[in-house]
Every structure is written in C-alpha cells, then in structure tokens.
Amino acid sequence: MTAQEWIPDFFVFILGLIVGSFTNVLIYRLPKEESPVFPSSHCPQCGHPIAFYDNVPVFSYLILKAHCRHCHESISLRYPLIEIGLGILSVALWQRWKAAPLWFVSTLIFSSALTAISLIDFETFLIPDILSLGLIAMGFLSSPFNPLFGKAAWWMKLWISCRGALVGFFICAAIAWAGEKIFKKEALGGGDIKLLAAVGSLSGALGAFNCLMIGSLLGTFYGIALIIRGKVTRSDPIPFGPFLSVAAIFNLFYILPFGFPFRF
C-alpha cells in the first residue's frame, strides 16, 4: 500500500475511533434517559469529570491502565473494543464507498447507531426510539445520494427509501402479530419493528427483507447455542436487535439478490 493510499485510511480509522467513543456514550446514557451531550464525560463510578487528555479513544485506556485516574475503579474493556471495532469498520466502509463520500459518512453514522442499538438491546431488551426513528429520518434525508438505489432521480430515490421503510415496518409488524397469536406471547417488540423500518429506509425493501432473513438466521443459531448450553429455555426471550443490526451492517457492503417481490 502506497503512502497516498495509507494516509486516508489512517485518518478514517481515527475518525472511526472518535465515532466509537461517542457510541460508548450513547450506550451508557440513553438507557438512563440522559443527554448524550450534557453534562460532559465523567466517570460512571465516582462522577468526576474526565479531562480531555483522559478521553482520547483507546490511548487513554492504555495510559491509565484501564483505571479511573481519580477513584482508581476499573474501566470496562468494552470501551476500547467498541472504539477499535468502529475504527476498523470505518476503514472497511471507506474502501467500499470512497467514491461516494457523503454516503460513506451516512453509513458510518448508521453503523454507530446500530452498534449502540445492539448493546442497549442486548442489556435491556429495549431499543431507544431516538435511535430507530432517527435512522428512519436519516434514511429519507440521505436517499438522494444513496448509491444502493441506483442512478434514479432524487424524488424516485426518496420514494424507494419510503417504500423500504413501509415494507420493513409492515413485514416485521405482521410477523409480530402472527407470532403473538400463535405463541400467545410477544414475538417481536416495537423497537424491532421500527428498526427494520429504519433498515428499509436506508437499503430499500430488498435490504429490509435481507436483514430480516439474515437476522433471523443468526438469532436462531444464537438461541440454539444458548439452549444447548442450558443458558435459556425455549420460552425465554432473546433480544433480536443485535442480529438485525449485524445484518443491516452487512447490507452496507452487499445486498443478497433475493429479487422477487422486491426490486430494491
């Protein structure tokens, strides 16, 4: 790799680390219904404000040896892992969409929100509306420069985005209704329904369908593994948001050509 190729990737990786740091804030604060902006970053244990030099993604974690400078309580390994993960993902997205920089920025924001949704849903079985509804709005706003929708006019791309959101919403809602009627309990939560609508707004009706199929497959494998290990029973709920999120990120790189009855 030449220097000209390496330098942009390096800065994109740094950007991903920063986005990952903010994603950690979302994961911690949104379930508590706290603002992700105010107050400034502080230690969750002692509440002491974190200075800017102690808030550098990954590097501060290493320098502080995974402990708060003030109360010396340990800092979860999850923080640097999420930062590094989004750093690597940002480079992958850049390689895929460097010819469409505005769309690259959209996919990075989308991936950040999906990461936050995954962790929050996994821990609380809830998907914050601010994330799922925000992604729906983002899908509509980014549709004019969305390369997944081909080279159609901007108004046609907006229609494809709206149709994708509607298809994602109604497919998931129908499955939730049928599951509740058959199994006499909630099969899918409202957060899952809105999340699939968001996926549809960003990757179209076909993207929503793909996301549901891949997410269901991943969720099934995960549930079977937990049952075999005796961690859960068949009647225990399993969060679906993380698996939809993984499938949605997969859509950003490649959408499986299922085709009928969807075009996009």
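If I filter region 200-220 down to residues being among the polar types (S, T, N, Q) and surrounded by fewer than 21 Cβ atoms within 10 Å (Cβ to Cβ), which single residue comes out as nearest to A165 (Cα to Cα)? Don't jump to the end; show me each part of the working.
Start the filter on region 200-220 by keeping residues that are among the polar types (S, T, N, Q), which leaves 201, 203, 210, 216, 220.
Checking which are surrounded by fewer than 21 Cβ atoms within 10 Å (Cβ to Cβ) leaves us with 216, 220.
Values: S216: 18, T220: 24 Å.
Checked region 200-220; the qualifying residue nearest to A165 (Cα to Cα) is S216.
Which one is nearest to A197 (Cα to Cα) among residues in region 101-111 that are surrounded by fewer than 22 Cβ atoms within 10 Å (Cβ to Cβ) and in contact (Cβ under 8 Å) with a residue 60 or more places away in the chain? Before you say what the answer is, go through the steps one by one.
First pass over region 101-111, keeping only residues surrounded by fewer than 22 Cβ atoms within 10 Å (Cβ to Cβ): 101-105, 108-109.
Within this subset, residues satisfying the condition of being in contact (Cβ under 8 Å) with a residue 60 or more places away in the chain are 108-109.
Numbers: L108: 18, I109: 17 Å.
The residue in question is I109.
Report, by residue number, each residue of region 34-88 that is of a type in the set (S, T, Y) and in contact with a His (Cβ under 9 Å, 6 or more places away or on another chain). Working first, answer last.
First, pick out the residues of region 34-88 that are of a type in the set (S, T, Y): 35, 40-41, 53, 60-61, 74, 76, 79.
If the condition is that a residue be of a type in the set (S, T, Y) and in contact with a His (Cβ under 9 Å, 6 or more places away or on another chain), then S74 is the only one that fits.
Scan region 195-249 for residues that are at pLDDT below 90 and among the small types (G, A, S) and report the count.
Selection size over region 195-249: 2.
Among the candidates G207, G164, G134, single out the residue that is out of contact with any Asp or Glu (no Cβ under 6 Å at 6 or more places or on another chain) and either under 18 Å from L102 (Cβ atoms) or of a type in the set (S, T, Y) (or both). Steps first, answer last, please.
On the way: G207 fails: either under 18 Å from L102 (Cβ atoms) or of a type in the set (S, T, Y) (or both); G164 fails: either under 18 Å from L102 (Cβ atoms) or of a type in the set (S, T, Y) (or both).
The unique qualifying residue is G134.
Matching residues to (1) among the polar types (S, T, N, Q); (2) closer than 19 Å to S112 by Cβ:
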| position | (1), (2) |
| --- | --- |
| S203 | yes, yes |
| L212 | no, no |
| G219 | no, no |
| R234 | no, no |
| G241 | no, yes |
| L244 | no, yes |
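Quick check on L86: is it under 16 Å from the mean Cα position of the chain (by Cα) and under 26 Å from F125 (Cα atoms)?
Numbers: under 16 Å from the mean Cα position of the chain (by Cα): yes; under 26 Å from F125 (Cα atoms): yes.
The answer is yes for L86.
Would you kindly identify the helices (runs of 4 or more DSSP H) lying entirely within region 1-114 that contain at least 2 residues that are among the small types (G, A, S)? Step through it out loud before you land on a result.
Working: elements: 3-29, 59-63, 78-97.
The qualifying helices (runs of 4 or more DSSP H) are 3-29, 78-97.
So which residues in region 47-79 are closer than 20 Å to V37 by Cα, free of Cβ contacts under 8 Å to residues at least 24 places away in the same chain and not small (G, A, S)?
Result: H48, P49, I50, F52, Y53, D54, V56.
With G230, G204 as the choices, which residue is at positive phi and either assigned to a loop (DSSP other than H, G, I, E, B) or β-branched (V, I, T) (or both)?
Working: G204 fails: either assigned to a loop (DSSP other than H, G, I, E, B) or β-branched (V, I, T) (or both).
Exactly one of G230, G204 is at positive phi and either assigned to a loop (DSSP other than H, G, I, E, B) or β-branched (V, I, T) (or both), namely G230.
Taking region 161-194 as the search range and keeping residues that are outside any helix (DSSP H, G or I) and buried (at least 16 other Cβ atoms within 10 Å of the Cβ), which one is modelled with the lowest pLDDT? Talk me through it step by step, then tell me what you get.
Of all residues in region 161-194, those outside any helix (DSSP H, G or I) come to 184-189.
Now drop any that are not buried (at least 16 other Cβ atoms within 10 Å of the Cβ), which leaves 187-189.
On the way: A187: 67, L188: 77, G189: 81.
Checking each candidate, the answer is A187.
Filtering region 199-225 down to residues that are of a type in the set (A, V, I, L, M) and under 16 Å from the mean Cα position of the chain (by Cα), which residue is farthest from S143 (Cα to Cα)?
Going residue by residue through region 199-225, those that are of a type in the set (A, V, I, L, M) are 199, 202, 205-206, 208, 212-214, 217-218, 224-225.
Checking the rest, the ones that are also under 16 Å from the mean Cα position of the chain (by Cα) come to 199, 202, 208, 212, 214, 218.
Values: V199: 12, L202: 7, A208: 15, L212: 21, I214: 23, L218: 28 Å.
The qualifying residue farthest from S143 (Cα to Cα) is L218.
Exactly one condition in (1) at pLDDT 85 or above; (2) over 28 Å from D129 (Cα atoms); (3) not aromatic (F, W, Y) is not met by S76; state its number.
Tallying (1) at pLDDT 85 or above; (2) over 28 Å from D129 (Cα atoms); (3) not aromatic (F, W, Y), S76 fails exactly one: (2).
Report, by residue number, each residue of region 147-160 that is among the basic types (K, R) and part of a helix (DSSP H, G or I). Break it down into steps so the answer makes sense when it comes.
Kept after step one, since they are among the basic types (K, R), are these residues of region 147-160: 151, 157.
Once the filter is applied, which keeps residues that are among the basic types (K, R) and part of a helix (DSSP H, G or I), region 147-160 yields only K157.
The values are calculated or read from the model by the stated rules, or taken from the named source; none is laboratory data. Small disclaimer: the values here were computed from a predicted structure and weren't measured. No Cβ is skipped: glycine too gets one built from the backbone with ideal geometry, and neighbour counts run over all protein chains shown.
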